[in-house]
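Engineer: Structure below; questions to follow.
The values are calculated or read from the model by the stated rules, or taken from the named source; none is laboratory data. Here the structure is a predicted model, which means the values were calculated and not measured. Cβ placement follows ideal geometry from the backbone for every residue including glycine, while neighbour counts extend to all protein chains displayed.
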Amino acid sequence: MGYTLAQKIIKNHLVDGEMTVGSEIGLKIDQTLTQDATGTMAYLEFEAMGVPRVKTERSVAYIDHNTLQSGFENADDHRFIGSVAKKHGIYFSRPGNGICHQVHLERFGKPGKTLIGSDSHTPTGGGIGMLAFGAGGLDVAVAMGGGAYYIAMPKMVKVNLTGKLNDWVAAKDIILEVLRRLTVKGGVGKIIEYTGEGVKTLSVPQRATITNMGAELGATTSVFPSDEITKEFLRAQGRVGDWQALSADEDAVYDEVLEINLSELEPLVACPHMPDNVKAVSEIAGMKVDQVCIGSCTNSSYTDLMTVASILKGKTVHPDVSLSIAPGSKQVFNMLAQNGALADLIASGARILESACGPCIGMGQSPNSAGISLRTFNRNFEGRSGTKDAGVYLLSPETAAVSALRGVLTDPTTMGEAPRIEMPKAFLINDNMIVEPESEENMQSVVVLRGPNIKEFPASDELAENIGADVLLKVGDNITTDHIMPAGAKLLPYRSNIPQLSNYCFTACDEEFPARAKKAGKGIIVGGSNYGQGSSREHAALVPLYLGIKAVVAKSFARIHRANLINAGILPLVFKNEADYDAVELGDSLTLDNIRRHVVNDEPIILRNETRGKDIEVTCELSGRQKDILLAGGLLNYTRDKA
């Protein structure tokens, strides 16, 4: 029996465990990336480990999230990250150089390599044949220090692509179709591997759009083969030496198979407030539009924006629409400027933003009250745009551009001949915004610069023998990390200040939660299914830790958030019977007697609801390593103890 592509890469990087589905495996990590919203905390954690220099083949720190500098906080964080990078052997991508995933694909990604990043959309690297994972900052810090990255061995899902996309149908429509079929929970515990004749019709940027938004499936990661198209992309980036051919064996066995005929797809749109709420554009065409935003790590490549420029050339954006466009990298921005396409975008009335995440992370461009915003982004969670009552729709650059001209959601297939944009034979290569680290001989001369907004990592204690606490919050299904720890222009500057962030934890669900948690001193949170989906931000675990949360009891957890809870020393408990979710209410007093012993010995765990006199059976499936992490009070304590 042969191997899938993902299994081949896992086999080549396996340092702990066996490749049995569901069992924990440890992988050697070749590359890491961070961005500034999560990077400050990751580097504080790296410093706390006492490792003088990163041990990866390549680690890169990007500045792309907190680029709005309305106060000193973001600028101080950027200065801190730059100095830490210079001292500890990390390449530093300066503000304005572009979005981490776009730049990494262009300049650093290598087929067959492993990559983890403190951003949930790190699987973008799968578009170039990498095995790339989103992770919490602490996991990234451990990997930078030479430690393995641990995951449960995933199932393998084959998405067999046949046919070829019709005019006006885009890569975004492929991943929206996958989301429509599998849902935001359908990829949990799985790697999505794309195969078939249809793969050969897709460029690397198109593949990267698909693997990027695979994060919305809850998937461990997504990956495409590395073929001649990959080789030509790397040749155009001046990196053909990084290429190697990679594909699944012909007799590889998959746990699931999904068939998609590209020729049958039509333009699609994800409606509020979930990426899997997918409909055909033709079903809801004609809806008035207030705003269109084009960009993000999903759809800001050179070919994406050249397509948009071709659609807008010689035309004017509808007077009722605000159109903003953010190139994904300085490389893209510069090439658009040189070939005249940028002038076409500007002349149309588009507002050109810097090469950064911008509106996708709520950093500016919030829609008007109850506004309809069409976005080429990857998430449309309620309130993520910065306007709670806005309706955010996710779609392709093609659909976004024609809708911006018409002022209503428009099916682009009604617009006549589609633009045809060729991949460039050579991209503009200029890495002057990437700062190389100091040499190992001179690293001690570098002074790490800390601003007053940078606070320490919150302390955690060893797992107690017994836990008794009240339910401080009860929430429903599909709670995202945006619900737990909101982002946006007002809060992102405090990503390195956990005490300040604590005032906003869960306020999207219950404005009284922070005050209630601080008054109680300790507590338990109850959640529904897929708790913690979305961003990899470990702040969604660290801030509850700071607020005294000892356990989260849910119907099920999203992969990265569950790992982050364990890393923070918070128990992730699952209702054995989902109906018991209804047997716990806000304010109930809960106890977990002898919980430390139960965790050590894999004994059944009983959650006692003292208020209602009911015993509830919960589970906490842990590997031996995860047990030790929880017993120590979190990954940082565990790592220090081992050292």
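Engineer: For region 1-32, name all the residues that are modelled with pLDDT of 95 or more, aliphatic (A, V, I, L, M) and outside any helix (DSSP H, G or I).
Structural biologist: Selection gives Leu14, Val15, Met19, Val21, Ile25, Leu27, Ile29.
Engineer: Going by the conditions given, is Gly136 modelled with pLDDT of 95 or more and crowded, with 24+ Cβ neighbours inside 10 Å?
Structural biologist: In short, no.
Engineer: Here's a follow-up. Scan the strands (runs of 3 or more DSSP E) fully inside region 589-630 and keep the ones with 1 or more residues being free of Cβ contacts under 8 Å to residues at least 40 places away in the same chain and among the hydrophobic types (A, V, I, L, M, F, W, C).
Structural biologist: Passing ranges, in order: 605-609.
Engineer: To continue, here is another question. Checking the conditions here, which among Ala487, Ala459 is under 22 Å from the mean Cα position of the chain (by Cα), part of a loop (DSSP other than H, G, I, E, B) and not polar (S, T, N, Q)?
Structural biologist: Values: Ala459 fails: under 22 Å from the mean Cα position of the chain (by Cα).
The conditions single out Ala487.
Engineer: Continuing with this model, one more query. Is there a residue being of a type in the set (Asp, Glu), out of contact with any Lys or Arg (no Cβ under 7 Å at 6 or more places or on another chain) and either surrounded by 20 or more Cβ atoms within 10 Å (Cβ to Cβ) or within 28 Å of Asp276 (Cβ to Cβ) (or both) anywhere in region 459-476?
Structural biologist: Of the residues in region 459-476, the ones of a type in the set (Asp, Glu) are 461-462, 465, 470.
After this cut, where a residue has to be out of contact with any Lys or Arg (no Cβ under 7 Å at 6 or more places or on another chain) as well, the list is 461-462, 470.
The next check asks that each one be either surrounded by 20 or more Cβ atoms within 10 Å (Cβ to Cβ) or within 28 Å of Asp276 (Cβ to Cβ) (or both); those that pass are none.
No - not one qualifying residue is present in region 459-476.
Engineer: Give the residue that is surrounded by the most Cβ atoms within 10 Å (Cβ to Cβ), with candidates limited to residues of region 226-281 that are within 30 Å of Gly371 (Cα to Cα) and more than 25 Å from the chain's Cα centre (by Cα).
Structural biologist: Applying the filter and picking the extreme gives Val281.
Engineer: OK, next. List the residue pairs whose Cβ atoms are under 8 Å apart, where the first residue sits in region 130-145 and is part of a helix (DSSP H, G or I) and of a type in the set (Gly, Ala, Ser), the second is at pLDDT 95 or above and surrounded by fewer than 24 Cβ atoms within 10 Å (Cβ to Cβ), and the two are 6 or more positions apart or on different chains.
Structural biologist: So the pair list comes out as Ala143/Thr56; Ala143/Tyr149.
Engineer: Do we find that Lys86 is farther than 24 Å from His539 by Cα, buried (at least 22 other Cβ atoms within 10 Å of the Cβ), among the charged types (D, E, K, R) and not assigned by TED's automatic domain parsing to the domain that holds Pro493 in this structure?
Structural biologist: When the stated conditions are applied, Lys86 passes them.
Engineer: Another one. Which of the residues belonging to region 329-349 are surrounded by 24 or more Cβ atoms within 10 Å (Cβ to Cβ), of a type outside the set (S, T, N, Q) and not in a helix (DSSP H, G or I)?
Structural biologist: The answer is none; no residue qualifies.
Engineer: Are there any pairs, at least 6 apart or on different chains, whose C-beta atoms fall under 8 Å, with the first in region 363-379 and in contact (Cβ under 8 Å) with a residue 40 or more places away in the chain and within 18 Å of Ser120 (Cα to Cα) and the second surrounded by 24 or more Cβ atoms within 10 Å (Cβ to Cβ) and of a type in the set (D, E, K, R), and if so, which?
Structural biologist: So the pair list comes out as Thr376/Lys172; Thr376/Asp304; Asn378/Glu216; Arg379/Glu216.
This table checks each residue for (1) closer than 21 Å to Leu268 by Cβ; (2) under 19 Å from the mean Cα position of the chain (by Cα); (3) in the same structural domain as Ser226 (by TED's automatic domain parsing).
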position	(1), (2), (3)
Gly134	no, yes, yes
Asp139	no, yes, yes
Tyr149	no, yes, yes
Val157	yes, no, yes
Lys164	yes, no, yes
Val184	yes, yes, yes
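Engineer: Next question. Inside region 504-588, counting only helices (runs of 4 or more DSSP H) that do not spill past its ends, which hold 1 or more residues that are small (Gly, Ala, Ser) and in contact (Cβ under 8 Å) with a residue 60 or more places away in the chain?
Structural biologist: Output list reads 539-546, 559-568.
So that you can scan it fast, the table gives a plain yes or no per residue for (1) of a type in the set (S, T, N, Q); (2) at pLDDT 95 or above; (3) touching a Lys or Arg at 6+ places or on another chain (Cβ under 9 Å):
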position	(1), (2), (3)
Thr376	yes, yes, yes
Lys388	no, no, no
Val392	no, yes, yes
Ser396	yes, yes, yes
Ala400	no, yes, yes
Ser403	yes, yes, no
Asp411	no, yes, no
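Engineer: Would you check if Asp482 is within 23 Å of Thr40 (Cα to Cα) and either at pLDDT 95 or above or surrounded by 14 or more Cβ atoms within 10 Å (Cβ to Cβ) (or both)?
Structural biologist: When the stated conditions are applied, Asp482 passes them.
Engineer: Moving to a separate point now. Across region 387-421, what is the number of residues that are in a loop (DSSP other than H, G, I, E, B) and out of contact with any helix residue (DSSP H, G or I) (no Cβ under 8 Å at 6 or more places or on another chain)?
Structural biologist: 8
Engineer: If you don't mind, there's one more thing I want to ask. Starting from region 197-212, take each residue that is assigned by TED's automatic domain parsing to the domain that holds His101 and surrounded by 22 or more Cβ atoms within 10 Å (Cβ to Cβ) and list its partners that are part of a helix (DSSP H, G or I) and aromatic (Phe, Trp, Tyr), counting only C-beta distances under 7 angstrom and pairs at least six apart or across chains.
Structural biologist: That search, which allows pairs on different chains as well, returns Val204/Phe233.
Engineer: Contact list please: Cβ distance under 7 Å, first residue in region 282-302 and in the same structural domain as Glu216 (by TED's automatic domain parsing), second residue surrounded by fewer than 24 Cβ atoms within 10 Å (Cβ to Cβ) and small (Gly, Ala, Ser), pairs at least six apart or on different chains.
Structural biologist: Partner pairs satisfying both residue conditions: none exist.
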